[in-house]
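Step one of this worksheet: look at the structure below.
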Amino acid sequence: MKPLIPVRNIVVFPGMIIPLFVGRASSLAALEAAYAGDKLVLLAAQKDQDKEDPGAEDLYACGSLAKIAQLLRLPGGTIKVLVEGQKRVFLSAVDQADYLRAECTEISDLINIDEKLEDILRRTVAKFEEFVKANKKVPVETLMSIVNVDDPGRLSDLVASYLTLSLEEKQKLLELPSVYERLSLLNTYCTREIGLLKVEKGLDTNVQTQIEKIQKEYLLKEKLKAIQKELGEGGGFSETEDYRQKITAAGLPPEVESRARRELLRLEKMQSFSAESGVIRTYLDWLLDLPWRESAPSVFDLKQVAAALEQEHYGLSRVKDRVLEYFAVQQNTGRPNASIILLAGPPGVGKTSVAQAIAKALGRQFHRITLGGLRDEAELRGHRRTYVGAMPGKIIQAFARVKTGDPLILLDEIDKMARDSQGDPAAVLLEALDPGQNKAFLDNYLELPFDISRTIFIATANNVYDVPKALLDRLEIIRLSGYTEEEKLQIAKRYVLPKLLSANGIKKSELAFTDTGLRAVIREYTREAGLRDLSRALDEVCRKYVRGKLEKKKLYKKVSRHNLRGYLGPLKYQDARLNTQDEIGLVHGLAWTEAGGEVLPVEVTALKGKGSLQVTGRLGEVMQESAKAALTYVRSRYAELGLKEDFYKESDIHIHLPDGAIPKDGPSAGVAIAAALASALSGLPARGSLAMTGEVTLRGRVIAVGGLKEKILAAARSGIDTIILPADNKKDLNDLPAKARKKLKFLAVKNMDDVLFYALKGYKKQAGQQNFLPELLETGDSAERPERMI
């Protein structure tokens, strides 16, 4: 048995000398064994080229016996070996241990010297000679070596090794013992290859002819221009002359004009069909599209701006006041305001429409740049012209589209940007939004300073915590909170419904909504801080009305709560208002999300056990720490709660926050978790109509939290009537709509003991306990405390 090496995409014919690179462990072992012996090795082609460890069934049964002529060891363990094919062999009894071995039987050439063999031999040599002359890749000396071979079998193998054949075709030639059949097959292959070479040569000739024609036309055009210049004739349309006139008329700054004329001079010296000429044309087009000229200072009337904002948006009084203050300072100083406005709030509260209303009120062009998912800084700063398909960044493109140097540009979803190996887009915005730098903003494509300092930039975000700190430092945050039910009702009546009726071709006299019908849509078919779902629901009503009208169906022309289901189907949110019954171990917390505020039930169950604490509901690390701090506080109040000092050693406590698929984090649920723990362990029921928010310390202090307005609006929507909040958050109540303040009662507390006193029925303070009684804030017509809260 002899060592066997599988080879990929190669068939080694007898007499063929070829280098092989051996790297597989089993093949290296077979090569070493052969080199240590008689230097003879079997070579067989793989059927599947992608198989890394082929067996006997993966190899062709016919291979070659080759002699190792030279062996060179390369770095990395690979060996380069030069082998020479000796004879055809048939493989049998293939064995695989540490490498492949096989028995081999020589396949002798079957030669019958007669006129047929001599004829096919002569025709094959002639065909191969024609192939060599047509194929420049095969040396002419090869033909001499073929002609001087007397053995027909040897000649067929040499010809086969030079032809560009598939693996299957070469393997078929190797397996044929009959020399006549091999030569006949080679004659067919040679004829096919010659035909392909002729087609390729014809294509090359056509391409060369076309190039020569273009060059000839270019030469004749240049000569014609020279003749016309000598004769003093116009010479018809000239592309470069057109660019020259545009550059002169554009009134470009000196540096920009100089650059444009240099590029135009390069274009004149180039052939019109060259790739570089197209790059220069595109560059000149961008230069000429940009508004380089100084624009007159923007003058506006603050009263008109205020009226325009009032006409476009209902409510948002603090937002409108802050926007007017911003532009009042700009008008008074005569220069752009150093700070950039960031409108932050949940989706659908009108951030984009506020920016559009500002642009309309100021008489400025509006352009929106979407930054969500942007991770390549070249998208903002542009690509260098060395790249194929290069173009300016989104900032420069905005100016080319609006055709003015002082637009209002909205940087939408600035909190959704990312960064990776291609750079940080936030770093580009640091320059663009800095009044000290943006007078000469440098785009990689233009490579010229462009003044963007006259632009009003307004950014939007859902979550300011995701905005990079350095960028957030340059922004002035104006928060747009969620809408109350009354605000949604008024916005729907004044803005949303008229637009939808017009968009669907419905007259006001055809379809109308009662206030109760609109409130039903808001309460029972939507649950959001903004207005998008409300707009979709009302649009669905309009579409169904139009369809029913065309199908001549009986329709309700006045939509009320009683017939609303005929348009929108079953209620989507039947449990919009919480169950406010008093229960043991259940307390309503308040949470802030990017979509607004939410009421967050906290459930606690205490079971007999060994003192373990389990927290579920996909809580983040901060919230889990709040749960541990709350438990420590409850342990410190064991006497007041009527518990044994070591109660925690005999109880397993499970804290759960429903909606387990939604991640939750933050410290503001600390007081709710502590109150729920105290209720579950003491058996005292918690008040169901009360919700609370605040961070709790180990000593029971209640610390201020954020997002209070959104939380309180969510509580109002859910049927809560009393809210416990940190005393340091009292100032935030001024941001609430008057109707929400009137509807709810608020308890501002400093200590967790007071939270338990008001949240748990039957809880009594012990003698000597700190007495930080909460302050009942005046919210409505009466300052009376809820029942059993004195």
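Things worth noting here:
- Links that overshoot a 23 Å alpha carbon limit, given the list Lys493/Lys558; Lys508/Lys743; Lys127/Lys172; Lys469/Lys731; Lys320/Lys739: Lys508/Lys743; Lys469/Lys731
- To put it simply, the accessible area of the chain at a 1.4 Å probe is 51 percent carbon and sulfur.
- Stretching the chain fully between Val199 and Glu32 yields a gain of 55.5 nm (0.36 nm per residue, less the alpha carbon separation).
- Sites Ala738 and Lys303, calculated FRET efficiency, Cβ-Cβ separation with R0 25 Å, nearest 0.05: 0.50
- Average accessible surface for the chain: 51 Å² per residue, computed with a 1.4 Å probe over protein heavy atoms with every protein chain in place.
- HN-Hα J in Hz across segment 374-385 - Karplus 6.51, -1.76, 1.60, θ = phi - 60°, x for Gly and Pro: 5, 9, 10, 5, 5, 5, 9, 9, x, 9, 5, 5
- Residue-level accessible surface for Asp451, protein heavy atoms, 1.4 Å, Å²: 30 Å²
- Extension gain from Arg318 to Asn112, taking 0.36 nm per residue of separation minus the Cα-Cα distance: 63.6 nm
- Sequentially through segment 629-634, phi angles give Karplus couplings (6.51, -1.76, 1.60; θ = phi - 60°) of 5, 5, 5, 4, 4, 4 Hz, Gly and Pro residues having no value and appearing as x.
- Taking only the C-alpha atoms of segment 416-559, Rg followed by Dmax gives 23.1, 66 Å.
- Placing unit charges on each Cβ (+1 for Lys and Arg, -1 for Asp and Glu) gives the chain a dipole about its Cα centre, and among Tyr763, Ala630, Val705 the Cα reaching farthest toward its positive end belongs to Tyr763.
- Neighbour net charge for Ile458 - beta-carbon separation under 15 angstrom, K R +1, D E -1: +2
- Using a cut-off of 24 Å between Cα atoms, the listed pairs Lys649/Lys761; Lys39/Lys80; Lys557/Lys742 include Lys649/Lys761; Lys557/Lys742 as exceeding that distance.
- Accessible area in the full protein assembly, largest first, 1.4 Å probe, for Thr188, Thr593: Thr188, Thr593
- Rolling a 1.4 Å probe across all protein chains gives Glu103 an accessible area of roughly 80 Å².
- Shown in residue order for segment 541-553 are the 3J(HN,Hα) couplings computed by the Karplus curve 6.51 cos²θ - 1.76 cosθ + 1.60 at θ = phi - 60°: 4, 4, 5, 5, 5, 5, 5, x, 5, 5, 8, 6, 8 Hz (x for Gly and Pro).
- Using the Cβ-Cβ distance between Leu74 and Thr164 with R0 set to 45 Å, the FRET efficiency from 1/(1 + (r/R0)^6) comes to roughly 0.95.
- Where labels lie 7 Å past Cα in the beta-carbon direction, separation of Lys507 and Glu175 in nm: 8.5 nm
- Net charge of the neighbourhood of Lys553, taken over other residues with C-beta under 11 Å away and scored Lys/Arg +1, Asp/Glu -1, is +4.
- Distance in nm between pseudo-label sites at Asp721 and Asp652 (7 Å out along the Cβ direction from Cα): 3.9 nm
- Förster radius 30 Å - calculated FRET efficiency between Glu276 and Ala249, Cβ distance, rounded to 0.05: 0.70
- For the chain, the pair-distance distribution built from all alpha carbon pairs, in bins 10 Å wide starting at 0, is 2, 10, 12, 12, 11, 10, 11, 12, 11, 6, 2, 0, 0 percent.
- For a label point 7 Å along the Cα-to-beta-carbon line of Arg368, residues of segment 395-419 with backbone N under 20 Å: 395-404, 407-418
- Here Lys67 is the anchor, and the aspartates and glutamates within straight C-alpha reach of less than 18 Å, apart from those fewer than 8 places off in the same chain, are Glu32, Asp38, Glu84, Glu103, Glu106, Asp157.
- Paramagnetic label zone (point 7 Å from Cα along Cα-to-C-beta, Ala61; backbone N under 19 Å) in segment 83-114: 88-96, 101-110
- DSSP-defined antiparallel bridges as percent of all bridges, segment 350-496, nearest 5: 25 percent
- Taking all Cα-Cα distances within segment 80-130, those exceeding 12 Å account for 78%.
- Cut-off under 5 Å, modelled amide H: who pairs with Ala459 long-range: Ile341, Leu342, Leu343, Leu411
- Selection among Ala44, Gly55, Ile68 by position relative to the dipole of segment 1-134 gives Ile68 as farthest towards the positive end (Cβ unit charges, Cα centre).
- Part-to-part distance (alpha-carbon centres) for segment 529-592 and segment 21-89, which is given in Å: 76 Å
- Antiparallel content of DSSP bridges confined to the chain, in %, to 5: 60 percent
- Distance in nm between pseudo-label sites at Gln437 and Lys552 (7 Å out along the Cβ direction from Cα): 7.0 nm
- Rounded to 5, percent antiparallel among DSSP beta bridges of segment 577-699: 70 percent
- Backbone N within segment 525-555 under 15 Å of label point (7 Å from Gln356 Cα along the Cβ vector): 531-532, 535-536
- Of the residues Asp652, Asp515, Asp157, the one with the largest accessible area comes first in the ranking Asp515, Asp652, Asp157, computed with a 1.4 Å probe on protein heavy atoms.
- For a straight C-alpha distance cut-off of 12 angstrom, the aspartates and glutamates reachable from Lys198 (same-chain residues fewer than eight places away being disregarded) are Glu130.
- Asp732 accessible area, 1.4 Å probe, all protein chains in place, Å² to nearest 10: 40 Å²
- Local electrostatic count at Ala34 - Lys and Arg +1, Asp and Glu -1, tallied over other residues with Cβ under 12 Å: +2
- Computed [θ] at 222 nm, helices only, for the chain once each DSSP H run of length n ≥ 4 contributes -39500 (n - 2.57): -12500 deg cm²/dmol
- Inter-part distance where segment 353-372 and segment 147-217 are each reduced to a Cα centre, Å: 68 Å
- Taking 0.36 nm per residue of separation and subtracting the Cα-Cα distance, full extension of the segment from Glu103 to Ala390 would add 97.1 nm.
The values are calculated or read from the model by the stated rules, or taken from the named source; none is laboratory data. Keep in mind it's a predicted model, so treat the numbers as computed, not measured. No Cβ is skipped: glycine too gets one built from the backbone with ideal geometry, and neighbour counts run over all protein chains shown. All accessible areas refer to the heavy atoms of the entire protein, side chains included, with ligands and DNA or RNA removed. Shrake-Rupley method; radii C 1.70, N 1.55, O 1.52, S 1.80 Å.
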